[in-house]
Every structure is written in structure tokens, then in C-alpha cells.
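Colleague: Okay, here's the structure, questions in a sec.
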Number of protein chains: 2
Amino acid sequence: MSDSSLFMRHQETLKRAVQASKDRDYWTAYPEMPSPRIYGETAQKDGERAFKARLNKKFELGQGLEDKEVGAEKSPYGFDLGIRYSASNLDELIDDVEDCRMDWAKASPETRAGICLEILDRINKRSFEIAFSVMHTTGQAFMMAFQAGGPHAQDRGLEALAYAFDDMKRTAPTSLWTKPQGKRDPIVMEKKFNIVPRGIGLVVGCSTFPTWNSYPGLFANLVTGNAVIMKPHPMAILPAAITVEIARDVLGEEGFDKNIVTLLADSVDAPITKEIALRSEVKLIDFTGSSFFGNWLEENARQALVYTEKAGVNCVVIDSTDNFRGMTSNLAFTLSLYSGQMCTTPQNIFIPEGGIETDEGHKSFDEVAGGIAFAMEKLLGDDERAGHILGAIQSEATLERLEKISAGDNVIAASRKIESEIFKGAIIRTPVLLKAVDEKSYNEELFGPISFFVATKNTDASLDTVMASVINNGAISFGIYSTSDEVLDDAEDMACRAGVAVSFNLCGGVYVNQTAAFSDFHATGANPAANAALSDTAYVSNRYRIVQSRRHK
Amino acid sequence: MSDSSLFMRHQETLKRAVQASKDRDYWTAYPEMPSPRIYGETAQKDGERAFKARLNKKFELGQGLEDKEVGAEKSPYGFDLGIRYSASNLDELIDDVEDCRMDWAKASPETRAGICLEILDRINKRSFEIAFSVMHTTGQAFMMAFQAGGPHAQDRGLEALAYAFDDMKRTAPTSLWTKPQGKRDPIVMEKKFNIVPRGIGLVVGCSTFPTWNSYPGLFANLVTGNAVIMKPHPMAILPAAITVEIARDVLGEEGFDKNIVTLLADSVDAPITKEIALRSEVKLIDFTGSSFFGNWLEENARQALVYTEKAGVNCVVIDSTDNFRGMTSNLAFTLSLYSGQMCTTPQNIFIPEGGIETDEGHKSFDEVAGGIAFAMEKLLGDDERAGHILGAIQSEATLERLEKISAGDNVIAASRKIESEIFKGAIIRTPVLLKAVDEKSYNEELFGPISFFVATKNTDASLDTVMASVINNGAISFGIYSTSDEVLDDAEDMACRAGVAVSFNLCGGVYVNQTAAFSDFHATGANPAANAALSDTAYVSNRYRIVQSRRHK
């Protein structure tokens, strides 16, 4: 199939994606329901089988060293994946990519977009296989692994692709410049505006959202003509490897060198990111992970443009509500989803020390905190149901943090072990809810199912504290509950000053830790938690440059 | 006049500017001819009178310290300007700007665009006054000071404004997000997408193009809601001061605090740029000047986004021509214009050691070099005419460099003093043309009227050398002369790899050192000479962020 026919086949999707990114209304290209009617009657079984066929084998990608393997992934649900990946020699890998990347650089935006859209389409068709691979590396429950690891990640990839394509097409590829010269003949010049990519883009994945956080960088880089090296977290390689495999297949079929997209797998013991991140050929870095390492990249990888999503301390302010039950249920679910292992999960909940007004009358500070604890108890009362919401704890570090903090005497709701037969071997915990004792204890990110109730003088004081927290510690999400329009306006004003997105009075089926592609921007790029947003023009427009030529006609 | 009526008044200009920035065809908003029919019968005289009225006085802007003055501008045409400006206390200045900038941040893009367009319109009407102020700070000849300092600078300001406005308007200000829920009612959310500026933008001007290189940053910052502090070069304050005065007038009339745009004047002896560039409130820096200081800003002003245009070594490759006379005349003018004091003036001209084929038969290396020298002699033979092309030498350092390099025994055409009665007191020199002896001598920027002829084995070798030079030393312009399409294709390929714009066979009224707003990108942002281009989406899109709010409907 010629590349232009791939573009023809998928261009309607691209066109709608570009329009959706402008309108910010509801739109999705990839259905989020793992329904047999959409994905096929046997899709789930086929996906599970494909996943299982990967286990305890070498994952062959046709790249990397023959004689050196890495791979030590463990499912948080209690088994070793046993998958080995070829390690790479950095010099060889970069040489291979440099050798082939100019062909990709010279392809037209349409050719590249067509191939990227085909890659996304095939990824979508493999959503179940990817879902199981996400589930058994991150610990996400199946439904979340399917949605966030599958269609939602694909939508985020398409969104970045759409932004980049739209920006490239903003500039006419050629022009005829005709400058009047009074009575003399005009000066006429033919001009050509070449889209020139930066070089190699390195996409550094994280252990909790290996596809969702990586697809925007992958597709923004690819469509703008850059080659991509995917460097997944050593404990979540498989979802990236499947993605790379699909990309390489399509590239090969379309007559391009497969090494335009490569996998760089490493191990926890011998991490390789620092070394490759400083290579002169690496011109773009997309990173999701710790603030420590993200800041290190920003400081040191000066030869590259560095897009980071790091840690933050997310906050919720409770001022008042006309739906106490809705509020507490919503927050209980928010804090429980994937055991708080999302970069958007709220950590600190600010409540006036004198309590709040609600539709159920005045509630004291303790009653509000207790209401959320009660809603959580109800939500997670059944272990099997709880497991499907909580998923498993991804890392030892998170479990240790949870256990350590649970030992204090300020626990409002204790963390509980989930031990259901169907989750045998998995490490599953309900969140711990704590009463904040001093600022120091909650003023840094405590990743995982750990949240604090913080008593403040009043809502103004809550907002002041949150503003300082966002400016100093960063944040990706912020929620407020109030029946007063004035308070909500103040909160929006504060959010704009501090640079954090705000959700008002979420009491139903939308949660502060969730963002929808094409409508919600993920992170603002305006506070220390992230220097970029997914996605906007700034995220894509510097991944290529325009190099023009001109001549007299 | 209400702000919305300013937008109404100027929106057609903005609309056409946005379209022109996409089409890249010929378009201009501000006529480049200093014609009485366009600017008014008395415009030139009025402008000169207004300029003269500034001399030997305090320039009152209503900001800065009452009791401390700076100002030591000297016209390169031989007199002191004698203008004093209020110095500023940095803490007070930044406090004043911080105090008022949120009002501007909260104004709508349309309000801000209307005000910016009105400022540009008034600047355009004062083009003659600004031309004289540019002429007598930079040493540019009057015609160039008018065009590059006036309408062309205004076009570049409008272009950046258009990019920024278009990018802000790409995102709907609000949306209704309606997510289907099967048979249940859809989830409906109202979303608002707030444009939030970064903070204070510092625009650091240069001594040779105080308006042209500053207007893009000024207007890109302003329209996206940032406050702007203009920090002109201490020897070219006046054009910035007039610009700031106009901006403050319009802001004041429209009910905004004038301190949204301020002037920060300093002196050569006590430069202030380093100090303010590191202030946490300064979130954007636009800089034009030396590589040394530009690199320092990029390395150190980490709290800000830094857009730099620095030094480069521009090259021309001569392979062959079917218009020897046109080529030599074009290059002679290019090298002479403003005595080579443009960041786009070619420094190194590569010619095969065996000579080239031309419409006048084979020409040896020496004949090609001699042809350019001859054309220059003819162009600059008459001192009065020469002065109108050359302008005056802006700085002592440039003059010293010229004199030092002219002492070598490799001079092909010596630099000559221009001494015409009408340029009495001005330091005017014709360019020196040298034969390159070793790579070291021409492999760094030698700012001013200094150019080298470099002998190479052949054109392939010329292109290889230029590619290495662009990658290592940076370049803003690159020209090639060849009758072979294959050679031109190779040159374009090289230009794309190295990241420099290329002009083919310029033999007429377009010169390699000139770029036209809305059509030619100035710098690529892809080599060490500049990390940004004027203007493109990447130049504007990160100057603001989007902070959204959402609530259930």
C-alpha cells in the first residue's frame, strides 16, 4: 500500500481530531468500552492469549544486541513476566537511527501522518493485548488498563499528532512572492518552506502509565519527521515493546527503515537514560517520572528540547456543598482509583477548621473527613469490587511509604489489605486517610494511596495555601467544592495565578484525576509539576524547524 | 475609545496578517517608501524636527527614578545626542510592573490585540521620527533607517502579533463537553479555557537594529498578556524610548496602567541586563546580540524562556553563473549595505580554486574575487552615493576590527574612508575584501564590513565546509550561485541538514541579507546563531499557558 493511500484512508480521522482539538468538545477516535460489539467477540480472549504468549520468552524486535538481554518485569498481580529484551549498544543504536532517519525526515507530512495514523489504528486493534501488558506491569485494574492504556492513550497520541500536523500545514509548502515595483515589473520569487525535524527524539516512559504518557511524544516526534527511541521504565517495558513492534511493522511495510522507531530497554541495576539523554544526536526528550530526574534532564540535557511531566502535590479545597453525598462519593472514588498512583490524584484536602455548610446541614471538620472515609469504606467494602477499582501497588517503594505513614497516630481511615481469591498474589491496599499534623508532613509528594485532611482557618486560607503549594511544589489537578459563585471565581482566579487546572463541584461521573483528550489539557506547563501540557501548540511546534529556499522566477 | 472599538478598527489588518503568515506571499501592512504621498507632505520634516527636539534634553516617560539619569548616545554621524533617561531601581520597577500586570493579563485577546495594533499604527505614523532616531544611534543610512527601523520593523511586530493571536484563538474560549452514556443521560460539562500569560517579558535590544529586532518580542509578549520591560542597548535607547512612549500613551488612554510597558535604560559602564535577567518575575527574555551574552542568558536565566538571536558566520558559495555581472553587483551591494553590520551579511565567500564557468566564459578564482571587488568599487565610487549605502560604523570595536584586519597582506580590496561634506563627522568605511589564508582567520564572526574569499577544491568541498561552519558557528543567511539544478538541490539538502535558509542565484533586487516579513523566516532556530525564528508558532506559543476550569452543567 502506498503511503498516500494510508493518508487517504485515515485523513477523516485526522481532520476530525484537528477540529476537536480546537473546539474542545467531546470527541474520541477510539472507543473506550472493551465491548465485544466494538472490538470483536473474541477480542478479549485473543488479547489475553497474545499477552500470555509473550511470557517467559525473548521479545524479538529485530534490533539491539544478539548476545545481551535485559528484562525483569514482575506483574503486581504476583508473577514474573519472564520476558527478555535485547539490550543495545548506545553507539550502534544511535548510528543505526542516524543512518536511516533522513529518509523519514524527507517524507511529506502527509506520508508521515498516514503511517502514524495506521500505527495508531493497529495499536487500537491490539488494545486488549496492550491492556493486559499494561495491567501486568503497572498494576492497574483491567478496566483502567484497557481504557487508560488503550483508547485513551491512543486518543492522546492522535491529539499530539493532530496538533503537530495542523501546525506543519499552517505554513504553505511553497509560495510565489510578487513584490510590486511601481511602473517596473514586479520582483517575483519562488519560495519553498521545508519542514526539517530536529533529529532523534527520546521518549522516556514511566512505570504507571507506559503508553498514555508516552504516545504524545512518540507521535508528535514521528509526524514531524524525527526518529524515536522509546526508553521505557525497566519495570514496564512490554507495552512499549508492543507499540514499537507495531510501528516497525508499518514502517517496514511502507518501505521505510524500521529503525526510525526503536526500543531501548534497560534494567533497574544498569539504567541507561542519563547516558543517552546527553548524546548530541538526541534533540528531543519527553520524560514522565520523578521531579528529581526530570529536573536533572532539564538542567543537563541542554542539547535537547526537554518536555517533562514530573511530580506534584494535588489539592482539593472544600468550602461548602449542596450535595454532600455526591461530593464524598466522588472523592472516595478519586482517591481509590488505581490506589492513588496517578499523577493527578489529590493528596491534600483542605477543610475549614470550623466545618462547612452542606445540604445535610452544618458538618464539622471531622464530619467532612469522616464522610469521605465512610464513602470510601462503602465503595471498597467488598474486596473483589475493591480490587477492580484499586488495582495493585506497582512498586515496593510505594508500599513501604504507605506502611510507614500508616504507623502514625493521625490515621482517620487505615489502609486495608485486599485479599480476594481472584487477586491472589497481588499487593492491593485501600488508601490511608490522615489528619495533617504539620505542614512538612504533607508539603511534598507522597506518591500512592496517601491523603491528608488539612484544617484551615477558612476557605480564603485554604486557597492561599493551595496557591503557595502549587507555585512551590507543582500540581497537575485541583478541585474545589463550594456553593458560592464568588468562592469559585476566587478559586479560578487563584488557579490562573498559580497555573493549575481547576474542577468545580465534581459529584458525578467525572473525577478530578481524569482528563479527556481533545477537551481537557493535561497539566498546564505553568507550574513545577510539568513544563509542558498534553497537548497544545507549544508542545509540538518546536519539534521541527522551517528551512526555506528562495530563487527568482 | 473603548478597547473593543480599537479591535474593530484594526481587525482587518490583523486578519490579513494572519493569512499572509500562512500563505507566505508578498504582503505588508506598512508602506516601506518614505513617500510624502503616503506619509504626508511634511512628514519627513516633521519627523526630523521631532527627533531634533529630543536632543540635549531629558526624555520624560513618567517612570523610573527622578534623581538618577543615564544616557550617553552618540550619533555615528558625529554628534552627541545629549538625551538623558531616568534610571530605574530594579526592585521598584519590578514591583510597579507586578502591581499592574494582572489587569492586562485578564483583558481579552481581542482587547490586547486592538491596543497592540493601535500602538503599531501610531508607531507607523511616527516612522520618520523613529527613522532619524535609528539613523543617529545605529549609523544606518536614512533610507535603511526608515525602512528597516520603521515599516519593516512594524511588519515584523505585526507578524509576531498575528502568530500569537492566531494561536490563542485556536482554542475555543469555552466548550460544552457532552459525553454520551448509552441509554442514560449524557454527562455535560461546561469548560472554560483561560489564556494565562507567563509574567514579565524582558526585551533586550541591540545597537544596530533597535526596533526591528525588538518589536517581535514586544508584541508577541504584549498580545499574550505579558507585561514588557524594554532594555535597549545603552547606545541605542532613543528608538526604544519613543516606542515605549507610544505604547504607554495608548495603554493609558485605554484605561490600563502605563507600566505594562516600561523602559529600563542603563549605561555601558553599569549594565543591568544580567541582574534583571535572573529575577524570578522575569519569565520571558528576548535577546539580540552577541553569542557570548546570548549563551550566558540561555545557560543562566533558567526561570525564563529565552529567545536568542546571536552571532553567526554567513556564507556564500559560488559554483557557476549565467549572469556574472548580476551576481557580482548583487554581492557588492550585499556586502556594502550598512557596512556589513547586519547579522545576515555574508562573511565568507567560497569559490573553487580552479575558478568557475560563467556567461562571460571561464573565470579564475582571482577573476571572481576581482569581479566582486570591481563591482563594489563601481557601486561605491562616488562618496556621497557610497555614504547612502554604507551608513556609518556604529561602534569603536567594529572600526578597530576593520583597521586591524586591513593591515594584513591578503587584502584584495582595501577599505576606504568616505569623506563627503554631507557626512562630515561620520565614520564611514567601504568593506575590506580579503583572501582567506587559514581557516582560523575566517571561522569566527568578524562583525562589520569584513569578507573573505575562500578557495576550495570544488563546490562539493565548499558545501561541506559551509555545512560544518553552520553547525559549529551558526549562520542566519546562506547564498549559492550555480547554473546546475543538481548543485542547487545539493545545496538545499545541505541547508536543511545544517538548518540555514538558502537563497539561489540572487542577481537582482533581492539580497541574501534581507528577509521580508510574512514571507521569509528570519533565522531558523536550528543552528547556533539563533534558538528561535522570527516569527513562527514556536516563537509565540509558549508565551502563555491555558488554564482551564470545568463544572457540571
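Colleague: Right, A:LYS435: of a type outside the set (Phe, Trp, Tyr), under 24 Å from A:LYS378 (Cα atoms), out of contact with any Pro (no Cβ under 6 Å at 6 or more places or on another chain) and away from chain B (no Cβ under 14 Å) or not? Spell out how you get there, then give the answer.
Modeller: Values: of a type outside the set (Phe, Trp, Tyr): yes; under 24 Å from A:LYS378 (Cα atoms): yes; out of contact with any Pro (no Cβ under 6 Å at 6 or more places or on another chain): yes; away from chain B (no Cβ under 14 Å): yes.
When the stated conditions are applied, A:LYS435 passes them.
Colleague: Which ones in the range A:215-232 are small (Gly, Ala, Ser) and either within 14 Å of chain B (Cβ to nearest Cβ) or on the phi > 0 side of the Ramachandran plot (or both)?
Modeller: Initially, the range A:215-232 is screened for residues small (Gly, Ala, Ser), giving A:217, A:220, A:225, A:227.
Passing the criteria: A:ALA220, A:GLY225.
To keep it simple, each residue is scored yes or no on (1) over 20 Å from the mean Cα position of the chain (by Cα); (2) surrounded by fewer than 24 Cβ atoms within 10 Å (Cβ to Cβ).
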site: B:ILE318; (1), (2): yes, no
site: B:SER329; (1), (2): yes, yes
site: B:LEU335; (1), (2): no, no
site: B:TYR338; (1), (2): no, no
site: B:GLN347; (1), (2): no, no
site: B:GLU360; (1), (2): yes, yes
site: B:ARG385; (1), (2): yes, yes
site: B:GLU400; (1), (2): yes, yes
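Colleague: Among the residues of the range B:279-293, write down those that are farther than 17 Å from B:LEU446 by Cα and either acidic (Asp, Glu) or in a helix (DSSP H, G or I) (or both).
Modeller: Filtering the range B:279-293 down to residues farther than 17 Å from B:LEU446 by Cα leaves B:279-287.
Scanning the range B:279-293 gives B:GLU281, B:ASP286.
Colleague: Just one of (1) of a type in the set (Ser, Thr, Tyr); (2) more than 20 Å from B:PRO210 (Cβ to Cβ); (3) surrounded by 18 or more Cβ atoms within 10 Å (Cβ to Cβ) trips up B:SER364, so point out which.
Modeller: The single condition B:SER364 does not satisfy is (3).
Let's see how each residue does on (1) touching a helix residue (DSSP H, G or I) at 6+ places or on another chain (Cβ under 6 Å); (2) buried (at least 22 other Cβ atoms within 10 Å of the Cβ); (3) not small (Gly, Ala, Ser):
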site: A:GLN181; (1), (2), (3): no, no, yes
site: A:GLY201; (1), (2), (3): yes, yes, no
site: A:CYS206; (1), (2), (3): no, no, yes
site: A:VAL223; (1), (2), (3): yes, yes, yes
site: A:VAL228; (1), (2), (3): yes, yes, yes
site: A:HIS233; (1), (2), (3): no, yes, yes
site: A:ILE237; (1), (2), (3): no, yes, yes
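Colleague: Still on this model: Determine which member of the set A:VAL510, A:VAL500 is within 23 Å of A:ASN443 (Cα to Cα) and either surrounded by fewer than 24 Cβ atoms within 10 Å (Cβ to Cβ) or touching a helix residue (DSSP H, G or I) at 6+ places or on another chain (Cβ under 8 Å) (or both).
Modeller: Values: A:VAL510 fails: within 23 Å of A:ASN443 (Cα to Cα).
Within the list A:VAL510, A:VAL500, the selection yields A:VAL500.
Colleague: Does the range A:346-363 include one or more residues that are modelled with pLDDT of 95 or more and in a helix (DSSP H, G or I)? Outline the logic, then answer.
Modeller: Filtering the range A:346-363 for residues modelled with pLDDT of 95 or more gives A:346-363.
Narrowing the set further to residues that are in a helix (DSSP H, G or I) leaves none.
Within the range A:346-363 (the criterion being modelled with pLDDT of 95 or more and in a helix (DSSP H, G or I)), the answer is no, since none of the residues qualifies.
Colleague: Related question: For the condition facing chain A (nearest Cβ under 10 Å), crowded, with 21+ Cβ neighbours inside 10 Å and more than 14 Å from A:VAL196 (Cβ to Cβ), what is the one hit in B:ILE480, B:ILE476? Before the answer, list the steps.
Modeller: Details: B:ILE476 fails: facing chain A (nearest Cβ under 10 Å).
Exactly one residue qualifies, and that residue is B:ILE480.
Colleague: Among the numbered criteria (1) out of contact with any Ser or Thr (no Cβ under 7 Å at 6 or more places or on another chain); (2) of a type outside the set (Asp, Glu); (3) touching a residue at least 24 places away in the same chain (Cβ under 8 Å); (4) under 19 Å from B:LEU305 (Cβ atoms), which single criterion is violated by B:GLY205?
Modeller: That leaves (1) as the condition not met.
Colleague: Could you look through the range B:173-214, keep only residues that are part of a loop (DSSP other than H, G, I, E, B) and in contact with a Lys or Arg (Cβ under 8 Å, 6 or more places away or on another chain), and pick out the one that is farthest from the other protein chains (Cβ to nearest Cβ)?
Modeller: So in the range B:173-214, the residues part of a loop (DSSP other than H, G, I, E, B) come out as B:173, B:182-183, B:198-199, B:205-214.
If we keep only those that are in contact with a Lys or Arg (Cβ under 8 Å, 6 or more places away or on another chain) too, we end up with B:173, B:198-199, B:205, B:212.
Details: B:PRO173: 9, B:ARG198: 8, B:GLY199: 10, B:GLY205: 24, B:TRP212: 18 Å.
Checked the range B:173-214; the qualifying residue farthest from the other protein chains (Cβ to nearest Cβ) is B:GLY205.
Colleague: Condition (residue is under 24 Å from B:ALA332 (Cα atoms), more than 10 Å from every other protein chain (Cβ to nearest Cβ) and among the polar types (S, T, N, Q)) applied to the range B:496-513: is it met by at least one residue? Explain how you work it out, then say what you get.
Modeller: So the first thing to find is which residues in the range B:496-513 are under 24 Å from B:ALA332 (Cα atoms), and the list is B:500-513.
Now drop any that are not more than 10 Å from every other protein chain (Cβ to nearest Cβ), which leaves B:511, B:513.
In the following step, the residues that additionally are among the polar types (S, T, N, Q) were identified as B:513.
So far as the range B:496-513 goes, yes, one or more of its residues are under 24 Å from B:ALA332 (Cα atoms), more than 10 Å from every other protein chain (Cβ to nearest Cβ) and among the polar types (S, T, N, Q).
Colleague: Hey, another quick one. Going through the range B:437-453 one residue at a time, which ones are polar (S, T, N, Q) and in contact with a strand residue (DSSP E or B) (Cβ under 8 Å, 6 or more places away or on another chain)? Please lay out each step first, then the result.
Modeller: The initial filter retains those residues of the range B:437-453 that are polar (S, T, N, Q), namely B:441, B:443, B:451.
Those that are polar (S, T, N, Q) and in contact with a strand residue (DSSP E or B) (Cβ under 8 Å, 6 or more places away or on another chain): B:SER441, B:SER451.
Colleague: Could you list, in sequence order, the residues of the range B:504-540 that are under 19 Å from the mean Cα position of the chain (by Cα) and polar (S, T, N, Q)? Break it down into steps so the answer makes sense when it comes.
Modeller: Initial filter on the range B:504-540 (under 19 Å from the mean Cα position of the chain (by Cα)): B:510-540.
If the condition is that a residue be under 19 Å from the mean Cα position of the chain (by Cα) and polar (S, T, N, Q), then B:ASN513, B:GLN514, B:THR515, B:SER519, B:THR524, B:ASN527, B:ASN531, B:SER535, B:THR537 are the ones that fit.
Colleague: Let me ask you something else. Scan the range A:119-140 and tell me whether some residue there is surrounded by fewer than 23 Cβ atoms within 10 Å (Cβ to Cβ), within 14 Å of chain B (Cβ to nearest Cβ) and under 25 Å from the mean Cα position of the chain (by Cα).
Modeller: At the first step, the residues of the range A:119-140 found to be surrounded by fewer than 23 Cβ atoms within 10 Å (Cβ to Cβ) are A:121-122, A:124-126.
Among the residues that remain, those that are also within 14 Å of chain B (Cβ to nearest Cβ) are: none.
No; the residues of the range A:119-140 include none that is surrounded by fewer than 23 Cβ atoms within 10 Å (Cβ to Cβ), within 14 Å of chain B (Cβ to nearest Cβ) and under 25 Å from the mean Cα position of the chain (by Cα).
Residues checked against (1) under 20 Å from B:ALA105 (Cβ atoms); (2) touching an Asp or Glu at 6+ places or on another chain (Cβ under 7 Å):
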residue	(1), (2)
A:ALA468	yes, no
A:SER477	no, no
A:CYS496	yes, no
A:LEU506	no, no
A:VAL510	no, no
A:ASN527	yes, no
A:VAL540	no, yes
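Colleague: Right, next: Restricting attention to the range A:79-92, does a residue exist that is surrounded by 15 or more Cβ atoms within 10 Å (Cβ to Cβ), hydroxyl-bearing (Ser, Thr, Tyr) and not assigned by TED's automatic domain parsing to the domain that holds A:ALA265?
Modeller: no
Results for (1) closer than 28 Å to B:ILE83 by Cβ; (2) out of contact with any helix residue (DSSP H, G or I) (no Cβ under 8 Å at 6 or more places or on another chain), shown as yes or no for each residue.
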residue: B:THR273; (1), (2): yes, no
residue: B:ALA277; (1), (2): yes, no
residue: B:ASN295; (1), (2): no, yes
residue: B:VAL316; (1), (2): no, no
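Colleague: Mind checking which helices (runs of 4 or more DSSP H) fall wholly inside the range B:1-83 and carry at least 1 residues that are within 14 Å of chain A (Cβ to nearest Cβ) and basic (Lys, Arg)?
Modeller: Numbers: elements: B:3-23, B:36-39, B:43-54.
Qualifying helices (runs of 4 or more DSSP H): B:3-23, B:36-39.
Colleague: With respect to A:GLU98, is the statement that it is assigned to a helix (DSSP H, G or I), at pLDDT 95 or above and within 14 Å of another protein chain (Cβ to nearest Cβ) true?
Modeller: Working: assigned to a helix (DSSP H, G or I): yes; at pLDDT 95 or above: yes; within 14 Å of another protein chain (Cβ to nearest Cβ): yes.
When the stated conditions are applied, A:GLU98 passes them.
Colleague: Further question: Report, by residue number, each residue of the range B:515-530 that is among the aliphatic types (A, V, I, L, M) and facing chain A (nearest Cβ under 9 Å). Explain how you work it out, then say what you get.
Modeller: Our first condition is that a residue be among the aliphatic types (A, V, I, L, M); within the range B:515-530, this holds for B:516-517, B:523, B:526, B:529-530.
Passing the criteria: B:ALA516, B:ALA526.
Colleague: So A:ILE450 passes all but one of these: (1) under 14 Å from A:THR334 (Cα atoms); (2) at the interface with another protein chain (Cβ under 10 Å from one of its Cβ atoms). Which condition number does it fail?
Modeller: Every condition holds for A:ILE450 apart from (2).
Colleague: Within the bounds of the range A:407-415, is there any residue that is of a type in the set (S, T, N, Q) and touching a strand residue (DSSP E or B) at 6+ places or on another chain (Cβ under 9 Å)?
Modeller: So in the range A:407-415, the residues of a type in the set (S, T, N, Q) come out as A:410, A:415.
Remaining after also requiring touching a strand residue (DSSP E or B) at 6+ places or on another chain (Cβ under 9 Å): A:410, A:415.
Yes, because at least one residue in the range A:407-415 is of a type in the set (S, T, N, Q) and touching a strand residue (DSSP E or B) at 6+ places or on another chain (Cβ under 9 Å).
Colleague: Output the residues belonging to the range B:503-553 that are assigned to a loop (DSSP other than H, G, I, E, B), farther than 28 Å from B:GLY199 by Cβ and among the aromatic types (Phe, Trp, Tyr).
Modeller: B:TYR511, B:PHE518
Colleague: I would also like to ask the following. May I ask you to say which residue of A:GLY252, A:GLY312, A:GLY225 is in a loop (DSSP other than H, G, I, E, B) and under 17 Å from A:ILE115 (Cβ atoms)? Let's see the steps before the verdict.
Modeller: Numbers: A:GLY252 fails: in a loop (DSSP other than H, G, I, E, B); A:GLY312 fails: under 17 Å from A:ILE115 (Cβ atoms).
Just a single option satisfies the conditions, and that option is A:GLY225.
The values are calculated or read from the model by the stated rules, or taken from the named source; none is laboratory data. A quick note: this is a predicted structure, and the numbers were derived from the prediction, not measured. Please note: Cβ atoms are built from the backbone with ideal geometry, for glycine as well, and neighbour counts cover all protein chains shown.
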